[in-house]
Amino acid sequence: MNTLFAVLCLWVAAIGPAHAGQRLVLFGGGGFPEAAVDRFMERAGGKDARILFVTWASGEPREEIDEFKDYLSPHKIPAMDIAPATTTIREKRAEFLAMLGRSSAVFFTGGDQSRIAEVLDRVQGLREAFKERYAAGVVFGGTSAGTAIMSEVMLTGEGDFSVIDGSTVGVRRGLGLLPAEMILDQHFIVRQRENRLFGLVLKNAGSLGLGVDEPCALVVDDGRWAQAFGPTYVMTAESSGRLKLSVGLLEDGARYDLKERKRL
């Protein structure tokens, strides 16, 4: 780690936002429930928020940002930064870390989550910098691919999903803001993605699958306390024995303890 990067990491960790606690707002894609957007903005600092948009997953980053901004219309549009493109992030790492350091919220847009993972793998220290800000209380949000990246085990979207077999499901390392045993999926019910998540849960003993449908959201505080928002469901799935699954549905407003794995 070079000296400049080390100094910036210390600065990033030291600033901290006004709001304590670790906060995630995870959108399934295909829309943004108003109540979840309100939570995101409240925890970002409201009218004083500054959002860093990370558009690495998208081939059309401006469209992705404009879509989310439409849902922010009930709020004062906050100050915002856009992360350098994937092609320049290595050279602009210091510039990016400065953006990250002054942001009260980070939002990952949709697209292909593997593009985000490639940047995190390629550019030394970015995962750690994100995690420092998350640990300091900066709210993190994402939609679609931007939700998939939040778990340690990240589905790539590749594989054979005609069977329930975790060995056929493509995965790679994600950002890891949720506890390691939790696996996220998105566009879940509408795109019939149960097979791939069920397969991974059965393959990885002790894991908890969280499938966020569209247009729904899951808000998670401190890696444990979750609440669902939206017109359909967030699905939970965990192994209850060899080739046995326990599946639940969280409707709009439902609260769930991710550690104890029970409704509240």
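The values are calculated or read from the model by the stated rules, or taken from the named source; none is laboratory data. Just so we're clear, the structure is a prediction, and the values are computed from it rather than from any experiment. Cβ coordinates were reconstructed from backbone atoms using ideal geometry, including for glycine residues, and neighbour counts include every protein chain displayed.
Only one entry in Gly209, Gly241, Gly248, Gly230 is free of Cβ contacts under 8 Å to residues at least 24 places away in the same chain, small (Gly, Ala, Ser) and closer than 25 Å to Ala35 by Cβ, namely Gly248. The residues of the stretch 167-188 that are of a type in the set (A, V, I, L, M, F, W, C) and within 18 Å of the chain's Cα centre (by Cα), listed by number, are Val171, Leu175, Leu177, Leu178, Ala180, Met182, Ile183, Leu184, Phe188. Residues that are within 18 Å of the chain's Cα centre (by Cα) and surrounded by 16 or more Cβ atoms within 10 Å (Cβ to Cβ) within the stretch 82-104 comprise Ala83, Leu100, Ser103, Ser104, listed in sequence order.
For residues that are among the small types (Gly, Ala, Ser) and surrounded by fewer than 16 Cβ atoms within 10 Å (Cβ to Cβ), scanning just the stretch 17-46, find the one that is modelled with the lowest pLDDT. If you could, list the steps in order and put the result at the bottom.
So in the stretch 17-46, the residues among the small types (Gly, Ala, Ser) come out as 18, 20-21, 28-31, 35-36, 44-46.
Right, trim to surrounded by fewer than 16 Cβ atoms within 10 Å (Cβ to Cβ) and you get 18, 20-21, 35, 46.
Values: Ala18: 37, Ala20: 56, Gly21: 86, Ala35: 95, Gly46: 90.
Taking the candidates together, the pick is Ala18.
Provide a single number: the residues in the stretch 138-188 that are part of a loop (DSSP other than H, G, I, E, B) and of a type in the set (A, V, I, L, M, F, W, C).
At the first step, the residues of the stretch 138-188 found to be part of a loop (DSSP other than H, G, I, E, B) are 138, 144, 149-152, 160-165, 174-181, 187-188.
Filter once more, so that each one left must be of a type in the set (A, V, I, L, M, F, W, C): 138, 149-150, 161, 163-164, 175, 177-178, 180, 188.
Summing the residues that are part of a loop (DSSP other than H, G, I, E, B) and of a type in the set (A, V, I, L, M, F, W, C) in the stretch 138-188 gives 11.
Check the stretch 253-263 and report whether any residue there is in contact with an Asp or Glu (Cβ under 7 Å, 6 or more places away or on another chain) and without any contact (Cβ under 8 Å) to a residue 60 or more places away in the chain. Looking through the stretch 253-263, at least one residue is in contact with an Asp or Glu (Cβ under 7 Å, 6 or more places away or on another chain) and without any contact (Cβ under 8 Å) to a residue 60 or more places away in the chain. The set of residues from the stretch 236-264 being under 22 Å from the mean Cα position of the chain (by Cα), among the charged types (D, E, K, R) and part of a loop (DSSP other than H, G, I, E, B) comprises Glu251, Asp252, Lys259, Glu260, Arg261.
A residue that is exposed (fewer than 15 other Cβ atoms within 10 Å of the Cβ), touching a residue at least 24 places away in the same chain (Cβ under 8 Å), more than 17 Å from Ser103 (Cα to Cα) and out of contact with any Lys or Arg (no Cβ under 7 Å at 6 or more places or on another chain) occurs somewhere in the stretch 47-59. Going through (1) in a helix (DSSP H, G or I); (2) closer than 17 Å to Val25 by Cβ one by one, Gly110 falls short only on (1).
Residue-wise test of (1) among the hydrophobic types (A, V, I, L, M, F, W, C); (2) within 20 Å of Met41 (Cβ to Cβ).
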| position | (1), (2) |
| --- | --- |
| Leu208 | yes, no |
| Gly223 | no, no |
| Ala226 | yes, yes |
| Thr236 | no, no |
| Arg242 | no, no |
| Leu249 | yes, no |
| Lys259 | no, no |
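The residue that is farthest from Asp38 (Cα to Cα), among those in the stretch 69-107 that are of a type in the set (A, V, I, L, M, F, W, C) and part of a loop (DSSP other than H, G, I, E, B), is Ile89.
In the stretch 167-188, of all residues being surrounded by fewer than 19 Cβ atoms within 10 Å (Cβ to Cβ) and in contact (Cβ under 8 Å) with a residue 24 or more places away in the chain, the one that is nearest to Phe140 (Cα to Cα) corresponds to Pro179.
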